[in-house]
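Asks: Below: one structure in C-alpha cells.
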Amino acid sequence: MSNPLMNTYARLPVTFERGDGATLTDTQGKTYLDALSGIAVCSLGHAHPAISEAICAQSKKLIHTSNLYQIENQQQLADKLIDLSAMERVFFCNSGAEANETALKIARKFGNEQNIANPSVIVMNNSFHGRTMATLSATGNDKVHEGFQPLVSGFIRVDYDDIAAVEHHTQNKDIVAILVEPVQGEGGVHVPQAGYLTALRKICDENNWLLMLDEIQTGLGRTGEWFAFQHENITPDVMTLAKALGNGMPIGACLAKGRATNVLVPGNHGTTFGGNPLACAAGLAVINVLETNQYIPTIAKKGLALVNQFKSTLSDQAGIVDIRGRGYMIGIQLDRPCAQLVGLALEKGLLINVTRGDTVRLLPPFVMSTEQTEQLIHELSELIHDFLNQ
Ligand SMILES: Cc1ncc(COP(=O)(O)O)c(C=O)c1O
C-alpha cells in the first residue's frame, strides 16, 4: 500500500505507544531512553501527571471558543509569561514558525510606520527559524531554501557571534530589526561568546532597531534560565516561544515590549486556534510545574556536568571536534558525517538527534534521573567510540 502521508520526513522505523518521564515504549514493548524530548518539547518528560490532568480537566470544560471572545486561561498565561520575562504583551499562536511570523510582521510594520521603503531584518548564517515562507527565508541554511525561490525579501545575512559583521550594516537605513537565536540549535548547538546579546542590544538601541530573540528552543528553562537572554543583563524588544511551552500541546507565543508592544492592532494579525483554552491550560500547568519543582536552577549545573562527563569519556577519542552546550542543549561535533548514529542509537534503545550532519544533539528532559543520565553517558560514549573506530 502506498504511504498516505506526504513525503516530508525520512522517518525511523519505530512507533511509540506510550511514554513515562524520560522513557518511551514502542508497539513491540521495547523501552527507549529519550535524550531528545521530542526536539526540546517535552522538557517535563512524557505523560507528566500534572500536565495530563490539566489537559483532561480543561477538555471536559471547554476546548475552543476563538479569539473573538475573552479567554481567561490566555490572560493568565500571558500574565505569567510577562512576570517571568519582563516583557509587556503576548500574542499566542500554535507553533514556533507562527511565533516568528508574528515577530517578522511586527518588524515590517514597525518599519512601514517610519516610512522605510524596504524594511529589512538582520538574520544569522546557520540559523533556523521555521518552515513557512517568511521564516524559511529568515533561516540561514541553503538546504531549507532549496526549491522555494523566490524567497521573501528583506533579510540581510551575517555570521553568528560576529558583532563586527552587524556593525558593518549600521549605515543601512532599511534595517529595522535583528532576529537571532541566543544559542543556535538546529545549526549545531552554537553558544555565542559572553556579552554577544548585550552587544546586539546596544547596537539595536543606538540604531532604533528591534532586538528579536528566537527563544523557541532555548526558552522555558532549557539553558538554565527561564529565558536564555537572562544569562545577560538585557531584555529583548520581541521574544518568540513555542516547543516546551505546552510540553507537547501545540502552542507558540510572541512577546513584545517597549516600541514593539503596540505595533500590531486589530485587523493586522490573528489566528483561529492560537491560545485556545486547552493549549493555555497546558501552558499554565507547565509553568506551574517548572516553578514548584525548581528544575530550572539545576539545569545549568547539570548540563555543564554532562558536557564535562562526555569530555572525559570522549576527549581522547580521535574524530571528536568539539563537545559544547548550555544547560540541557548539548552538541558533540565529529569530524565526519554521523547521521547513521541516530539509527544505531535507536537499536540500543536510545533517542538522539544529529544536526548539521556531523553534530550529535542532545536535548534531554529535565526529569531525566541520575541513573538514566549515567546510562545516556555510558551508552552514547560507547556508540561514538565504536562509530569512530570502525
Ligand atoms: C530556534 C527555532 N525557531 C523556530 C523553530 C520552528 O518551530 P516550529 O517547528 O514549531 O514551527 C524551531 C524548530 O526547530 C527552532 O528550533
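No lab work stands behind these numbers, since they all come straight from the coordinates. If you're wondering where the values come from, they're calculated on a predicted model, not measured in any experiment. Note: ideal-geometry Cβ built from the backbone for every residue, glycine included; neighbour counts use all protein chains shown.
Asks: Within 10 Å of each residue's Cβ, count the other Cβ atoms and sort 204, 56 from fewest upward.
Replies: 56, 204
Asks: When the chain is modelled as a GNM with alpha-carbon springs shorter than 10 Å, which of 318, 199, 103 fluctuates the most?
Replies: Looking only at 318, 199, 103, the largest GNM fluctuation is found for 318.
Asks: From the helices alone, meaning DSSP H stretches of at least four residues, give me the mean residue ellipticity at 222 nm for the chain, per-run term -39500 (n - 2.57), in deg cm²/dmol to the nearest 500.
Replies: Using -39500 (n - 2.57) per qualifying helix, the result is -11000 deg cm²/dmol.
Asks: At a Förster radius of 35 Å, what calculated FRET efficiency corresponds to the Cβ-Cβ distance of residue 14 and residue 322, to the nearest 0.05?
Replies: E between residue 14 and residue 322, to the nearest 0.05, is 0.75.
Asks: Rounded to whole Å, give me the distance from the Cα center of the range 289-344 to that of the range 124-178.
Replies: 28
Asks: As a test, work out the antiparallel percent of DSSP beta bridges whose residues both lie in the range 198-324, rounded to the nearest 5. All intermediate terms of the calculation are to be shown ahead of the outcome.
Replies: Working: 4 of 8 bridges.
Beta bridges within the range 198-324, antiparallel portion: roughly 50 percent.
Asks: Could you work out how much longer the chain between residue 335 and residue 272 gets when fully extended? Use 0.36 nm per residue separation minus the Cα distance between them, nm to one decimal.
Replies: Value of the extension gain: 18.1 nm.
Asks: If you don't mind, another one. Quick one: which residues, 5 or more positions from residue 125 or on another chain, have an amide H under 5 Å from its amide H? H modelled 1.01 Å from N in the peptide plane, none for Pro or chain starts.
Replies: Excluding prolines and chain starts, which carry no amide H, the hits are 158, 159, 160.
Asks: Once label points are set 7 Å from the Cα along Cα→Cβ at both residue 308 and residue 148, what is their separation, rounded to one decimal in nm?
Replies: So the two model labels end up 4.1 nm from each other.
Asks: Could you list which residues have their amide H under 5 Å from that of residue 248, counting only those 5 or more apart in sequence or on another chain, with H placed in the peptide plane?
Replies: Result for residue 248 returns nothing.
Asks: For the range 198-209, just list the computed ³J(HN,Hα) in residue order, Karplus coefficients 6.51, -1.76 and 1.60, θ = phi - 60°, integers in Hz, with x standing in for Gly and Pro.
Replies: Working through the residues one at a time gives 5, 5, 5, 4, 5, 4, 4, 4, 5, 10, 6, 9 Hz.
Asks: In terms of the Cα gyration tensor, with a ≥ b ≥ c the square roots of its eigenvalues, is the range 1-157 rounded because a/c is under 1.5, prolate because a/b exceeds b/c, or oblate?
Replies: Oblate, because a/c is 1.5 or more while a/b does not exceed b/c.
Asks: Which lysines, on any chain, are close to residue 348 with Cα under 27 Å apart, when same-chain ones fewer than 8 places away are left out?
Replies: 30, 243, 302, 311
Asks: Also, quick follow-up: Please identify, among 123, 265, 152, the residue showing maximal mean-square fluctuation in a Gaussian network model of the chain using a 10 angstrom Cα cutoff.
Replies: Its mean-square fluctuation being the largest, the pick is 265.
Asks: Suppose we keep just the DSSP beta bridges with both residues in the range 50-293; what percent of those would be antiparallel, to 5?
Replies: 40
Asks: Tell me, what HN-Hα J-couplings in whole Hz come from the Karplus equation 6.51 cos²θ - 1.76 cosθ + 1.60 at θ = phi - 60° for each residue of the range 312-328, using x for Gly and Pro?
Replies: 6, 7, 10, 5, 7, 7, 5, x, 8, 8, 6, 10, 8, x, 9, x, 8
Asks: Residue separation times 0.36 nm, minus the C-alpha to C-alpha distance between residue 67 and residue 133: what's the value?
Replies: In short, 21.3 nm is gained.
Asks: Average projected area of the Cα convex hull of the range 52-109, in nm²?
Replies: 5.4
Asks: For a label point 7 Å from the Cα of residue 50 along Cα→C-beta, name the residues of the range 1-32 whose backbone N is under 18 Å from it.
Replies: Once the point is set 7 Å along Cα→Cβ of residue 50, 20-22 turn out to lie under 18 Å by backbone N, inside the range 1-32.
Asks: I've got another one for you. Run the simple label-point estimate for residue 165 and residue 261 please: 7 Å along Cα→C-beta, distance reported in nm.
Replies: The modelled label-to-label distance comes out at 3.4 nm.
Asks: For a Förster distance of 51 Å, can you work out the FRET efficiency between the beta-carbons of residue 292 and residue 173, rounded to the nearest 0.05?
Replies: Using R0 = 51 Å, I get an efficiency of 0.55.
Asks: Right, here's the next one. Near the amide H of residue 321, under 5 Å away, which other amide H atoms are found, from residues 5 or more places off or on another chain, if H is placed in the peptide plane?
Replies: 333, 334, 335
Asks: Relative contact order (percent) for the chain, with alpha-carbon contacts under 8 angstrom and 6 or more residues of separation?
Replies: Numbers: 752 pairs, mean separation 88.3, N = 390.
After rounding, I find 23 percent.
Asks: Using only the alpha carbons of the chain, determine the length spanned along each of the three principal axes and report them from longest to shortest in whole angstroms.
Replies: That gives 60, 53, 49 Å along the principal axes, largest extent first.
Asks: Still on this model: With θ set to phi - 60° and the Karplus curve 6.51 cos²θ - 1.76 cosθ + 1.60, what are the ³J(HN,Hα) couplings of the range 254-263 in order, to the nearest whole Hz, using x for Gly and Pro?
Replies: 3J(HN,Hα) across the range 254-263, in whole Hz: 10, 10, 10, 8, x, 4, 8, 4, 10, 5.
Asks: Short version: what are the Cα gyration tensor semi-axes of the range 247-315, square root of 5 times each eigenvalue, largest first, in whole Å?
Replies: Semi-axes (√(5λ), whole Å): 36, 17, 13.
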